[in-house]
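Colleague: Can you keep this structure in mind? I'll have questions shortly.
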Amino acid sequence: MSIFVDESTTVIVQGLTGSQGRFHGLRNRAYGTRVVGGVTPGKGGTDVEGIPVFDSVREAVETTGATASFIAVPPRFASAAILEAAEGGIEFIVCITEGIPAQDEALTYNRLVEEHPGVRLLGPNCPGIISPGKCNIGITSGDIALPGGPVGIVSRSGTLTYQALYELSQKGVGQTTCVGIGGDPVPGTNFIDCLEAFQADPETKAVMMIGEIGGSEEERAAEWIAQNMDKPVVAYVAGVTAPPGRKMGHAGAIISGSKGTAQAKMAALADAGVRVCQNPTEAGEAMVEIVRAL
Amino acid sequence: MDLFEYQGKQYFARYGIPVSPGGVADTVEEALAVAERVGYPVVVKAQVKVGGRGKAGGVKLATGPDEVRAHAGAILGLDIKGHVVKRLWVEHASDIEKEYYASFTLDRPNKVHLGMLSAQGGVEIEVVAAESPEAIAMLAIDPVRGLDVATARRWVAEAGLDEPARAQAADLLVALYRCYTEGDCDLAEINPLILTPGGQVHALDAKVTLDDNAAFRHPEWDEFRGDEFEDPRERRAREKGLNYIGLDGSVGIIANGAGLAMSTLDVVNQVGGSAANFLDIGGGANADVMAAALEVINADPKVRSIFVNIFGGITRVDEVAKGVLEALARVDIASPIVLRLDGTNAVEGRAILAAHLNDRLVTEPTMLEAARRAVALAR
């Protein structure tokens, strides 16, 4: 099994005719993902290497029956694209767009919750999601993932998600699903959403969690783990050496005062019984040890 | 982007938030001219992006020209926690009856906006929050609904603002919320928000952080980017569209993605080195961006080795490789470069570099090994 997406997931790409949408949409299809359509207003009726393009999400959904959308459009159009996907009948939205204003994110998130409570948004500013061997939506390089489980991965950082996949695959440990929740201040899906799904997924036997400085999502996740999770969790938190008050790239990655430090997050996770590691390689090794002992 | 107080007040004024009449001064003469214009007494305030300037002697009251001259002369050039004062804000001094606190920011855990209002202003709000949290009236605001005057009126009453201040404060809070949302602020804070003996409510200070992601719809922000106060390394990087933070170590870092860049800093530190910078070339960086990144790092005299840590996703490793070669052809890179390349198109990328590897341009198979090599080369 896997969480959120599997071999039955059918995907449209909003922005398929743009350079990023085309490159990654086609790569997702080459991986085996059922990419059934694209959406670009004004380009309906054309196709991208055989993938039909529609003018609107609604039209694409009505024609193809797509359940998921991959949004690869520039920041100024991303909020409208997310809402269009939800209104058009998409259930699972992956938005990789980096650089969306925080005000737009907050507004869009709350509109989704209030007007489309059944819709899940992953991202924005995330690498996407991959259930190895089944479905890959987003920008993750599929060849670094290994099908078959038993590890679930959830990460706030894009490139560290790849690093985590790579560390495990290199050592022959497969993954059920790897979710990149993204590093923005208002993520559509958070650690707890993923941990909850992994806890409920019988094929996921252990979870690797990658956090970073800023916010308090890791602390909240730690609390949730302590109360609800019986599967082993390995964690790594990036930014131990980050200076306070400076945004480390991600809009969400900032230490303000004594809040949001890697040290505090690591301590909270360790208190919750999570095995906390000092770097991605160590986290990979710890997970291999846990999986071999299962 | 954090604004200076004077910029924050200019920004507030755009949204109709009352502030004291004042002006900017870079010299004693300019300070005198502003004082004459706005009328004595005036307050001479250091413009630095760091707290505690009052205690450091950066805020002084002047009742006449001689005092303005003395205070402006003393404050210009003053070092406040490492920030040298180059600019003053001189404003007409207000009589203060009461000091309040007001701010809007994003409540990230709850994904709504958070308004904070307190009748105990003028001091660090963190201190109030720690010692008497009940003195802060918190208001959760659904971004879809926004803040209306009726809610703001209930809020000022709940916070215990004095009766004569309430109606004006409610209007001001609605304006401040509009500034925060439409003005794309991460933080809009007034401390203190004052009530004068004459019954007027206005902002005596302004702390504004703008959301850089929204710059595309705010051409008016250009005027806030006075680059004269910026770290020259950071200015160069920003001009090239790079996400760069200068640090004090000797290993120059280039990575793609904020998480990997942070992790690279951590790993360099763990193996006994120290990073000269944080540099995230972002997602989808092409050869030009990579070349620009190397040039920015190369211009930092503290750098002794350069660690390029790339895990391709949206970024394609072949593009990165081309950028490295482009930079080497364009400029003389003073430090040896250690590369670690994985992910999208890594095979193609490594092939592009294969013929160019030497003792100044090396590759390592893993992040840890590359970190060790870069740290050794920096010694």
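Computed from the coordinates by the stated procedures, all read-outs in this text should not be read as laboratory data. Given the structure is predicted, the values throughout are model-derived calculations rather than measurements. Neighbour counts are summed over all protein chains in view; Cβ atoms, including those assigned to glycine, are modelled from backbone coordinates with ideal geometry.
Colleague: Determine the principal axes of the Cα atoms in region B:76-186, then give the extent along each, sorted from largest to smallest and rounded to whole angstroms.
Modeller: 46, 32, 29
Colleague: Using a Förster distance of 25 Å, how high is the FRET efficiency between B:Ile96 and B:Asp2, based on the Cβ-Cβ distance and rounded to 0.05?
Modeller: Here the calculated transfer efficiency is 0.45.
Colleague: With a 10 Å Cβ neighbour count serving as the proxy for reagent exposure, in which order, fewest first, do B:Phe224, B:Phe104 appear?
Modeller: Sorted ascending by nearby Cβ count, the order is B:Phe224, B:Phe104.
Colleague: Under the rule of -39500 (n - 2.57) per DSSP H run of 4 or more residues, summed and divided by the residues of chain B, what mean residue ellipticity at 222 nm is obtained, to the nearest 500 deg cm²/dmol?
Modeller: Helices in chain B give a 222 nm mean residue ellipticity of -11000 deg cm²/dmol.
Colleague: If you don't mind, there's one more thing I want to ask. With springs only between Cα atoms under 10 Å apart, run a GNM on chain A and tell me which of A:Arg156, A:Arg111, A:Arg29 wobbles the most.
Modeller: Evaluated over chain A, the most mobile residue of the options is A:Arg111.
Colleague: What distance in nm lies between label points placed 7 Å from Cα along the C-beta direction at B:Leu78 and B:Lys240?
Modeller: The modelled label-to-label distance comes out at 3.8 nm.
Colleague: Separate question: Looking only at region A:80-119, which residues have a backbone nitrogen under 17 Å from a spot 7 Å from the Cα of B:Arg217 in the C-beta direction?
Modeller: A:80-84, A:97-112
Colleague: Just list whichever of A:Lys259/B:Lys45; A:Lys259/B:Lys98; A:Lys259/B:Lys111; A:Lys205/A:Lys265; A:Lys259/B:Lys55 have alpha carbons separated by over 20 Å in the model shown.
Modeller: Beyond 20 Å between Cα atoms: A:Lys259/B:Lys45; A:Lys259/B:Lys98; A:Lys205/A:Lys265; A:Lys259/B:Lys55.
Colleague: Summing +1 for each Lys or Arg and -1 for each Asp or Glu, what net charge is found among the other residues whose Cβ lies under 14 Å from the Cβ of B:Lys207?
Modeller: -3
Colleague: Using only the alpha-carbon atoms of the protein assembly as shown, report the extent along each of the three principal axes, biggest first, to the nearest angstrom.
Modeller: 76, 58, 53
Colleague: Stokes-Einstein diffusion coefficient for region B:230-378 at 10 °C in a medium of 1.306 mPa s, Rh from the Kirkwood formula over Cα pairs: what value in µm²/s?
Modeller: 109
Colleague: May I ask you to derive the relative contact order of chain B, considering only C-alpha pairs under 8 Å and at least 6 residues apart, and to give it as an integer percent?
Modeller: Reported as a whole number, the value is 12 percent.
Colleague: I need to check one value: relative contact order of region B:98-223, counting alpha carbon pairs closer than 8 Å and at least 6 residues apart, in percent.
Modeller: That works out to 27 percent.
Colleague: Please report how far the C-alpha centroid of region B:312-327 lies from that of region B:1-59, rounded to the nearest whole angstrom.
Modeller: 46
Colleague: Continuing with this model, one more query. At 20 °C and a viscosity of 1.002 mPa s, what translational diffusion coefficient does Stokes-Einstein give for chain B, taking Rh as the Kirkwood radius over Cα pairs? Give it in µm²/s as a whole number.
Modeller: Calculated translational D: 91 µm²/s.
Colleague: Have a look at region B:21-92 and give its Rg and Dmax from the Cα atoms, expressed in angstrom.
Modeller: Every Cα atom of region B:21-92 included, Rg and Dmax give 10.8, 32 Å.
Colleague: Under 13 Å between alpha carbons, and skipping anything fewer than 8 positions from B:Lys207 in its own chain: which aspartates and glutamates qualify?
Modeller: Leaving aside aspartates and glutamates fewer than 8 places away in the same chain, those within reach of B:Lys207 are B:Asp2, B:Glu5, B:Glu124, B:Asp186, B:Glu189.
Colleague: Express in whole angstrom the spacing between the alpha-carbon centres of region B:137-181 and region A:172-224.
Modeller: 36
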